[in-house]
Amino acid sequence: MALPGHRRTSGDKRRRASHFALKKVQTTSCAQCKKAVLPHHACQFCGTYVGRAVLKISAPKKKK
Ligand SMILES: [Zn+2]
């Protein structure tokens with residue numbers, strides 16, 4: 001039966017856990033409506049990308 005080769009010390013555990021934190025999602029602000037949008041994505045709120053309309057927005061979405 002497989003067993004762990006060595007005891008995992010609390011230092012081992014904490015060193016491994018140092019990489020577990022989640023990173024905050026990076027956003028940029030829309031040039032048109034100034035809302036937070038993902039970089040290199042069209043704005044979901046006003047449907048523009050680099051100043052030109054690329055999406056048809058039927059109902060304006062609520063700001064989160
Ligand atoms: Zn926008």
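The values are calculated or read from the model by the stated rules, or taken from the named source; none is laboratory data. Computed from a prediction, not measured in an experiment: that's the story for all the values here. We place every Cβ from the backbone using ideal geometry, glycine too, and count neighbours over all the protein chains shown. We work out accessible area using only protein heavy atoms, side chains counted, and drop any ligands, DNA or RNA first. Shrake-Rupley method; radii C 1.70, N 1.55, O 1.52, S 1.80 Å.
Working carefully through the options 58, 18, find the one that is open to solvent by 100 Å² or more (accessible area, probe 1.4 Å) and among the hydroxyl-bearing types (Ser, Thr, Tyr).
Result: 58 is the single residue among 58, 18 that is open to solvent by 100 Å² or more (accessible area, probe 1.4 Å) and among the hydroxyl-bearing types (Ser, Thr, Tyr).
Quick grid of which residues meet (1) of a type outside the set (Val, Ile, Thr); (2) within 16 Å of the ligand (Cβ to nearest atom); (3) at pLDDT below 90:
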site	(1), (2), (3)
25	no, no, no
28	no, yes, no
49	yes, yes, no
52	yes, yes, yes
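Of note, residue 7 does not satisfy the criterion of being free of Cβ contacts under 8 Å to residues at least 40 places away in the same chain, open to solvent by 100 Å² or more (accessible area, probe 1.4 Å), outside any loop (DSSP other than H, G, I, E, B) and away from the ligand (no atom under 15 Å from the Cβ).
Checked against the criteria, residue 32 counts as within 10 Å of the ligand (Cβ to nearest atom), open to solvent by 70 Å² or more (accessible area, probe 1.4 Å), part of a loop (DSSP other than H, G, I, E, B) and without any contact (Cβ under 8 Å) to a residue 40 or more places away in the chain.
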